[in-house]
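Below is one structure; the comments refer to it alone.
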Amino acid sequence: RVRPCAKPSPVFVPNEAHGAVTFELEKTTSDHDVNNQKLVHNFRFDGILPMTISQEEVLNIVAKPVIDDVLNGVNGTIFAYGQSGSGKTFTITGGASRYEDRGLIPRTIAYMFESFRKSNAQFKMYISYLEIYQDQGFDLLREDSAQKLEDLPKVQLREDEDGHFHLRNLSVNIAASEEDALNLLFLGDTNRIVAETPMNDASTRSHCLFIIWIESTPPGSDVVRRSKLHLVDLAGSERVSRTGVGGKLLSEAKAINLSLHYLERVIVALHARSKGEQRHVPYRDSMMTSVLRDSLGGNCRTTMVACMATEPCNIDESVSTCRFAQRVAQIKNDARINEELDPTLLIARLKREVSELKQELSVARGGAGAEEELGAEDVEQCRALVLQYVSRNADPKEPFVCGSVSRLRTSFRILRDMANGAQRAGGGCGGSSVSMDPATKAALEAEANK
């Protein structure tokens, strides 16, 4: 994604139709000096987001394919990478001045709840917000009385026997509505570490991961799909020799550059593995690479947004960002649907099947014995079952189970009387509905549900 600017450098040549970017650098030495520096750099991407693109178009191009997979049970990650001030936070979180400047996180929340309403499946959403500041994790959604970030309980990494990392002290908050999810986002954003630097007036000094957990259950199924979506806003790299910062900003810049260096080492190792080399991947070097282990070469669908600033003074960093993006594009992930049987739903389904089998067995055995004498209440129950069975909303594959031979015969008599009454009301065979008082019908349906 190219950040808007008034005077972009002439060495930057984008080709949106082919998704290509070219940097035609100028020669900085005289013709008599030996200079083997590469002057032309060509890069190819899945797409280019120009300066004039809207936030809604970014959602449609970048996020919607990943979100649709997450709703179907596949893990997803979207992260923005680039130098400080290149537009990463604007892409992921958005701007605060205009409603149209909303970023990927609030738009993703709105799109997910819209998909929930359109689907027949049952969905649950949970949200976590993790900040990694100087390689230490903090929960941004903790409502403790702490006045400073350092006073909050630190999020710790724990690895199980299968090699999976778990985050201890990270809260998981349920979001029952879009408003609840946005309130959690706003709460976390107010706790982020932001400072003014020579590169950016409001530079985020930490890496932030907004994690959305999704549980979905198809109707009538005992299989639960669990997936997660990481929306990652990485802190921007910056050259200390150029910015000249000192004190706390200097120590923060060192920690940011070191963590991004560890991230690049993981990317380089995964790139070497994609070429068939046997290379150790140093996920444990930093907290950020440990948390993003699934996103980088694991069970996940990952999309990276490389943010670039095209002013003449930022061309070197933009070329470096493109090189990093090319390495990320070589990583191969193994994304798959995460589904498992829910014991609670499985037990409920088995109990229902056992009850139906017992009733069928009772009917089969009742043919040889004495018939059951039915009272008025039993007849009304049979009538309610028949009404439920012939209603338009009934499942055509649902079996009719009434409990005994006597009840079955009574139900058939009721069905015959209803058919005869419908024919008389319709003037012959053209009638198709049964007239009944609404209150009586509601009472009978309630009886059938028992």
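The values are calculated or read from the model by the stated rules, or taken from the named source; none is laboratory data. Here the structure is a predicted model, which is why all the values come from computation and not from measurement. Positions of Cβ are backbone-derived with ideal geometry, glycine not excepted, and every protein chain shown enters the neighbour counts. These accessible areas exclude ligands, DNA and RNA; they are computed on the full protein's heavy atoms, side chains included. Shrake-Rupley method; radii C 1.70, N 1.55, O 1.52, S 1.80 Å.
Assessment of segment 167-187 against the conditions (more than 23 Å from ASP135 (Cα to Cα), modelled with pLDDT under 90 and more than 19 Å from the chain's Cα centre (by Cα)) yields no matching residue. Summed over segment 154-190, the residues that are in a strand (DSSP E or B) and surrounded by 16 or more Cβ atoms within 10 Å (Cβ to Cβ) give a count of 4. The residue pairs whose first member lies in segment 14-34 and is at pLDDT 80 or above, whose second member is of a type in the set (Ser, Thr, Tyr), and whose beta carbons are closer than 8 Å, counting only pairs six or more residues apart or on different chains, are PRO14/THR22; ASN15/THR22; PHE23/SER318. On the given criteria, is LEU263 under 28 Å from the mean Cα position of the chain (by Cα), more than 13 Å from LEU234 (Cβ to Cβ) and assigned to a helix (DSSP H, G or I)? No.
If the condition is being touching a Ser or Thr at 6+ places or on another chain (Cβ under 7 Å) and surrounded by fewer than 12 Cβ atoms within 10 Å (Cβ to Cβ), then segment 41-68 contributes no residue at all.
Looking across segment 202-234 at every residue that is under 20 Å from GLY137 (Cβ atoms) and assigned to a loop (DSSP other than H, G, I, E, B), the one that is modelled with the highest pLDDT is identified as LEU234.
Considering only residues of segment 291-324 that are small (Gly, Ala, Ser) and open to solvent by less than 10 Å² (accessible area, probe 1.4 Å), which is nearest to ALA20 (Cα to Cα)? Please lay out each step first, then the result.
So the first thing to find is which residues in segment 291-324 are small (Gly, Ala, Ser), and the list is 295, 297-298, 306, 309, 318, 320.
Filter again for open to solvent by less than 10 Å² (accessible area, probe 1.4 Å), leaving 295, 309, 318.
Details: SER295: 25, ALA309: 16, SER318: 14 Å.
The residue in question is SER318.
May I ask you to verify whether ASN333 is farther than 30 Å from ARG44 by Cα and either outside any helix (DSSP H, G or I) or under 34 Å from the mean Cα position of the chain (by Cα) (or both)? Considered against the rule, which asks whether it is farther than 30 Å from ARG44 by Cα and either outside any helix (DSSP H, G or I) or under 34 Å from the mean Cα position of the chain (by Cα) (or both), ASN333 comes out as no. The requirement of being surrounded by 11 or more Cβ atoms within 10 Å (Cβ to Cβ) and in contact with a helix residue (DSSP H, G or I) (Cβ under 8 Å, 6 or more places away or on another chain) is satisfied by CYS382.
Please determine whether any residue of segment 123-145 is under 25 Å from GLU57 (Cα atoms), surrounded by 18 or more Cβ atoms within 10 Å (Cβ to Cβ), among the aliphatic types (A, V, I, L, M) and at pLDDT 90 or above. Yes; the residues of segment 123-145 include at least one that is under 25 Å from GLU57 (Cα atoms), surrounded by 18 or more Cβ atoms within 10 Å (Cβ to Cβ), among the aliphatic types (A, V, I, L, M) and at pLDDT 90 or above. The residues of segment 266-288 that are among the β-branched types (Val, Ile, Thr), open to solvent by less than 50 Å² (accessible area, probe 1.4 Å) and part of a helix (DSSP H, G or I), listed by number, are VAL266, ILE267. For segment 367-375, the criterion of being loosely packed, with under 13 Cβ neighbours inside 10 Å and at pLDDT 80 or above is satisfied by at least one residue.
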